[in-house]
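Trainee: One structure coming up, written as structure tokens, with questions to follow.
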Number of protein chains: 2
Amino acid sequence: MSEIPSLQRAAVAALLRDDVLAMQGYTPGEQVNDCLKLNTNECAWPPSPAVQACLSQLSGESMRLYPDPMSHALREAAAALWGHPANGIVAGNGSDDCLTMIYRSVLRPGDRVAVPWPTYGLYDTLASIQGVEMLHVAWQDHWQLPIQEFIAAAPRLILVANPNNPSATMVSVQELVALAEALPQSVVVVDEAYIDYATADSSCIPALLTHSNMLVLRTCSKSYALAGARLGFCLGNPEIIAQFCKVKDSYNVNALTQAVGLAAIRDQDYHQQLVEDTLAAREDLMADVRKRGWTWPPSCANFLLCHVGPQAESIYRALKARGILLRWWDRPQLRECLRITVGTPEDQARLFQALDEVCA
Amino acid sequence: MSEIPSLQRAAVAALLRDDVLAMQGYTPGEQVNDCLKLNTNECAWPPSPAVQACLSQLSGESMRLYPDPMSHALREAAAALWGHPANGIVAGNGSDDCLTMIYRSVLRPGDRVAVPWPTYGLYDTLASIQGVEMLHVAWQDHWQLPIQEFIAAAPRLILVANPNNPSATMVSVQELVALAEALPQSVVVVDEAYIDYATADSSCIPALLTHSNMLVLRTCSKSYALAGARLGFCLGNPEIIAQFCKVKDSYNVNALTQAVGLAAIRDQDYHQQLVEDTLAAREDLMADVRKRGWTWPPSCANFLLCHVGPQAESIYRALKARGILLRWWDRPQLRECLRITVGTPEDQARLFQALDEVCA
């Protein structure tokens with residue numbers, strides 16, 4: 001292996017955009033081998049057996065040939081599942097890919113993006129890449145949506161994770177619709193990555209029929225247990241979605257993911273079981289957390305944002321040393337918190353045994 | 001399924017970027033079921049049996065959890081294969097994804113991209129998405145690189161597919177290095193998607209050691225028969241590659257693709273056999289094409305750009321009606337040409353039998 005001489009900083013700077021040099025890359029949650037991962041909100045159980053079966057049956061032809069650029073079969077399955085027209089749905093290489101389509105299609109130089117803060121960190125990273133200003137609007141008390149601040153700021157694009165990450169809290173469809181109606185020249189994206197863990201009728205998909213400036217994101221990474229396969233969807237007005245298809249990577253969803261995604265979506269019985277098992281395990285997790293005196297906002301997702309106190313960081317590090325990952329952020333609003341993903345009963349038993357040792 | 005009221009054009013325009021509304025999306029080669037596809041330069045044979053075996057063994061865990069964001073195992077395998085440092089390699093969701101990283105990292109408002117023309121159409125689409133001007137510099141006679149025109153134009157980014165698509169011709173490493181040396185403030189990308197079908201020592205990878213403004217793209221879509229899996233690589237100076245990693249989608253290569261890509265790259269015996277079979281079939285294809293009196297530039301790839309004459313379009317359409325797809329473009333330089341992908345001996349027999357009928 002040859003050694004490449006180290007470039008001078010100035011030489012790199014000459015070849016790349018200043019804003020790329022200056023930006024922070026997104027830091028994904030730690031992926032450490034042989035750890036108990038309760039840090040990135042994956043499903044605690046594997047995907048449907050139909051997924052495994054479909055992989056064994058995949059033909060060499062389906063790997064040799066380019067995939068369907070428009071993921072037609074997936075779009076049709078998603079349309080039937082969510083009651084939205086297929087031509088109002090585009091599939092992405094994860095919903096992160098759908099976010100990229102949105103940023104690229106909507107944001108002009110000088111435009112601003114706004115999010116209630118804190119939320120999913122990737123929204124910031126994408127604003128840096130697009131070279132636009134990001135506005136953090138603090139959540140109101142009890143994670144209520146700061147609607148008036150958004151209306152006053154009138155940004156070009158607003159993103160609301162609903163349920164929110166990292167708080168697991170929700171705002172109502174009515175509030176989100178009111179926001180979209182108050183800002184008809186803005187695009188309001190509702191990222192529903194965790195919505196299968198929330199109550200029925202909490203999705204904004206039905207509102208898309210009458211609000212063309214609203215978009216909804218869905219993912220198979222959480223409740224379908226397919227984070228490894230990368231599959232997400234953006235739903236909206238078909239004329240808007242048609243424009244997104246122009247800016248998406250031409251073969252953005254590979255053939256393997258199209259096949260396993262379809263298998264997972266078609267096995268709704270298994271999906272329902274995954275959700276029920278997760279909600280039951282969340283009850284157990286809450287009971288254990290409550291015993292320690294920690295508090296958390298009401299969770300509508302597969303995780304809890306626990307207020308632990310000043311020892312949050314040391315607990316995070318001590319657990320990590322024992323091979324258990326939770327999520328901790330070195331940020332003002334979150335420094336005393338730990339985010340815990342719902343695990344299997346065995347995962348959670350291991351976590352609380354380790355916590356007993358760590359806190360002893 | 002509910003119907004969404006059609007949006008007024010003005011309402012769409014108000015929500016999206018003008019340049020996105022105005023741009024043409026990239027038109028991938030047709031993907032038609034149950035056709036003989038000799039139109040998108042896929043490998044004629046399926047991938048290594050090791051790929052199929054690896055799919056059958058994929059665990060539910062690898063699908064449940066997020067993939068390795070940096071595709072470390074793939075980078076190491078690519079480093080060993082191509083003799084380039086692993087930290088000077090980034091994997092992409094196809095090399096199209098690597099192109100997106102390059103455009104986003106390099107191009108500032110007002111910058112220009114240039115390509116020798118005609119070439120791979122996606123380079124244009126990405127320029128539209130990035131909102132920068134694309135300069136088409138006509139190839140010189142016999143598909144020679146127009147070096148002086150590039151130097152005079154001094155664009156920020158130059159892309160050269162080598163071998164070129166659709167001509168299958170190559171330019172020398174010396175010329176590409178001379179171009180990079182003449183324009184030290186420009187980034188020169190050499191897209192080597194088809195290079196495994198060319199002669200040895202025709203790759204620019206060794207030049208990356210000493211030319212930090214050069215980048216090389218590689219793909220598993222062609223000679224590894226994995227177009228369906230979407231896997232490409234960008235190679236360059238490690239400090240440049242580190243910046244690309246900041247703008248890439250955080251989990252850009254899914255876990256299934258990481259696994260099958262690794263299996264395919266590790267089976268170099270099978271890969272070598274695929275390349276040899278392709279080159280042998282290319283000889284047969286050339287012999288058959290020669291009999292028809294068609295001409296083509298010397299091919300260094302798995303396809304021929306045949307000059308067919310004014311009847312090219314009608315032949316293309318007649319073959320399509322018989323379930324055989326070739327590539328034809330309604331463009332001034334290419335209207336009299338058909339691009340034919342190398343097929344299996346059976347594929348090619350079927351093609352020429354159909355051609356006999358069509359031309360009779």
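The values are calculated or read from the model by the stated rules, or taken from the named source; none is laboratory data. These numbers come from a predicted model, not from an experiment. A quick note on method: Cβ atoms are made from the backbone with ideal geometry, for glycine too, and the neighbour counts reach across all protein chains shown. Side chains included, ligands, DNA and RNA excluded: accessible areas come from the protein's heavy atoms. Shrake-Rupley method; radii C 1.70, N 1.55, O 1.52, S 1.80 Å.
Trainee: Over the range A:49-266, what is the mean sequence separation of C-alpha contacts under 8 Å (at least six apart), divided by residue count, expressed as relative contact order in percent?
Mentor: Computed value for the range A:49-266: 30 percent relative contact order.
Trainee: Find the cysteines in chain A that fail to meet the 4.7 Å Cβ criterion with every other cysteine, and list them.
Mentor: A:Cys35, A:Cys43, A:Cys54, A:Cys204, A:Cys220, A:Cys245, A:Cys300, A:Cys306, A:Cys337, A:Cys359
Trainee: Oh, and also: Using 1/(1 + (r/R0)^6) with R0 = 35 angstrom and r between the beta carbons of A:Glu133 and B:Ala318, what's the FRET efficiency to the nearest 0.05?
Mentor: Approximately 0.05, to the nearest 0.05.
Trainee: Run the accessible area of chain B with a 1.4 Å probe and give the carbon-and-sulfur part as a rounded percent.
Mentor: The C+S portion of the solvent-accessible surface of chain B is 51 percent.
Trainee: Evaluate E = 1/(1 + (r/R0)^6) for A:Arg108 and A:Gln24, where r is the Cβ-Cβ distance and R0 equals 25 Å; express this FRET efficiency to the nearest 0.05. Before the final figure, lay out each step's value.
Mentor: Numbers: r = 23 Å, r/R0 = 0.93.
That pair, A:Arg108 with A:Gln24, gives E of 0.60.
Trainee: What shape does the protein assembly as shown have by the C-alpha gyration tensor, where a ≥ b ≥ c are the square roots of the eigenvalues, rounded means a/c under 1.5, and otherwise prolate means a/b greater than b/c and oblate the rest?
Mentor: Cα axes put the protein assembly as shown in the prolate bin.
Trainee: If you don't mind, there's one more thing I want to ask. Calculate the mean, over all residues of peptide A:232-241, of how many other protein chain Cβ atoms lie within 10 angstrom of the residue's Cβ.
Mentor: Mean shielding by partner chains, rounded to a whole number: 3.
Trainee: Which of the peptides B:98-107, B:320-329, A:275-284 is most tightly packed, and how do the rest follow, going by the mean number of other Cβ atoms within 10 Å of each residue?
Mentor: B:98-107, B:320-329, A:275-284
Trainee: Zone of A:Gln144 (label point 7 Å along Cα→Cβ, backbone N under 16 Å): which residues in the range A:174-188?
Mentor: Residues passing the 16 Å test: A:174-176, A:178-179.
Trainee: So with the 1.4 Å probe, I'd like the accessible area per residue for the protein assembly as shown, rounded to whole Å².
Mentor: Working: 25880 Å² over 720 residues.
Roughly 36 Å² per residue, with all protein chains present.
Trainee: Determine the total buried accessible area between chain B and chain A, counting protein heavy atoms only with a 1.4 Å probe; round to the nearest 100 Å². Provide the component values of the computation, followed by the final result.
Mentor: Numbers: alone 16940 and 16900 Å², together 25880 Å².
The contact between A and B buries close to 8000 Å².
Trainee: Which whole number gives the average count of other chain Cβ atoms within 10 Å of the Cβ atoms across peptide B:178-189?
Mentor: Working: counts 0, 0, 0, 0, 0, 0, 3, 3, 2, 3, 0, 0.
Average per residue, whole number: 1.
Trainee: Of A:Lys246/B:Lys320; A:Lys246/B:Lys248; A:Lys37/A:Lys248; B:Lys222/B:Lys246; A:Lys222/A:Lys248, which pairs sit farther than 21 Å apart, going by alpha carbon to alpha carbon? Numbers along the way, then the final one.
Mentor: Numbers: A:Lys246/B:Lys320 26 Å; A:Lys246/B:Lys248 19 Å; A:Lys37/A:Lys248 32 Å; B:Lys222/B:Lys246 28 Å; A:Lys222/A:Lys248 23 Å.
Too far apart for the 21 Å limit: A:Lys246/B:Lys320; A:Lys37/A:Lys248; B:Lys222/B:Lys246; A:Lys222/A:Lys248.
Trainee: With a 10 Å cut-off between alpha carbons and a GNM built on chain A, which of A:Gly232, A:Gly293, A:Gly92 moves the most?
Mentor: Looking only at A:Gly232, A:Gly293, A:Gly92, the largest GNM fluctuation is found for A:Gly293.
Trainee: Shortest first and in nm to one decimal, what separations exist between A:Gln353 and its copies in the other chains, measuring from label points 7 Å along the Cα-to-beta-carbon line?
Mentor: So the distances to the same position in the other copies read 6.7 nm.
Trainee: I would also like to ask the following. Nearest 500 deg cm²/dmol is fine: what mean residue ellipticity at 222 nm does chain B get from its DSSP H runs of n ≥ 4 alone, each adding -39,500 (n - 2.57), divided by its residue count?
Mentor: -12000 deg cm²/dmol
Trainee: Most fluctuating residue of B:Ala53, B:Ala44, B:Ala73 in a GNM of chain B with Cα springs under 10 Å: which is it?
Mentor: The residue with the greatest mean-square fluctuation here is B:Ala53.
Trainee: Using a Gaussian network model on chain A with a 10 Å cutoff between Cα atoms, which of A:Ala180, A:Ala14, A:Ala22 fluctuates the most?
Mentor: Of the options given, A:Ala14 has the highest mean-square fluctuation.
Trainee: Given a cut-off of under 8 Å on Cα pairs at least six residues apart, what relative contact order in percent is computed for the range B:1-142?
Mentor: Numbers: 84 pairs, mean separation 30.6, N = 142.
Result for the range B:1-142 is 22 percent.
Trainee: Accessible surface of B:Ile151 in the full protein assembly, 1.4 angstrom probe, to the nearest 10 Å²?
Mentor: Result for B:Ile151: roughly 50 Å² accessible.
Trainee: Using a label point 7 angstrom from Cα along Cα-to-C-beta, what distances in nm, from shortest up, separate A:Glu133 from the other copies?
Mentor: Here A:Glu133 shows inter-copy label distances of 2.9 nm.
Trainee: Is the range B:56-112 rounded, prolate or oblate when judged by the Cα gyration tensor, a ≥ b ≥ c being the square roots of its eigenvalues, rounded requiring a/c under 1.5 and prolate requiring a/b larger than b/c?
Mentor: Oblate.
Trainee: Using the Cα gyration tensor of the range A:196-252, with a ≥ b ≥ c the square roots of its eigenvalues, what is the shape: rounded (a/c below 1.5), prolate (a/b larger than b/c) or oblate (neither)?
Mentor: Since a/c reaches 1.5 but b/c is at least a/b, the shape of the range A:196-252 is classed as oblate.
Trainee: Further question: Quick one: net charge of B:Val253's neighbours, Cβ under 15 Å, K/R +1, D/E -1? Don't skip to the answer; put the middle values down first.
Mentor: Working: positive: A:Arg230, B:Arg75, B:Arg218, B:Arg230, B:Lys248; negative: A:Asp96, A:Asp97, A:Asp249, B:Asp68, B:Glu76, B:Asp96, B:Asp97, B:Asp249.
Summing Lys/Arg as +1 and Asp/Glu as -1 gives -3.
Trainee: Residue by residue through B:105-118, how many Cβ atoms from other chains fall within 10 Å of the Cβ on average?
Mentor: Counting Cβ atoms of other protein chains within 10 Å of each residue's Cβ and averaging gives 2.
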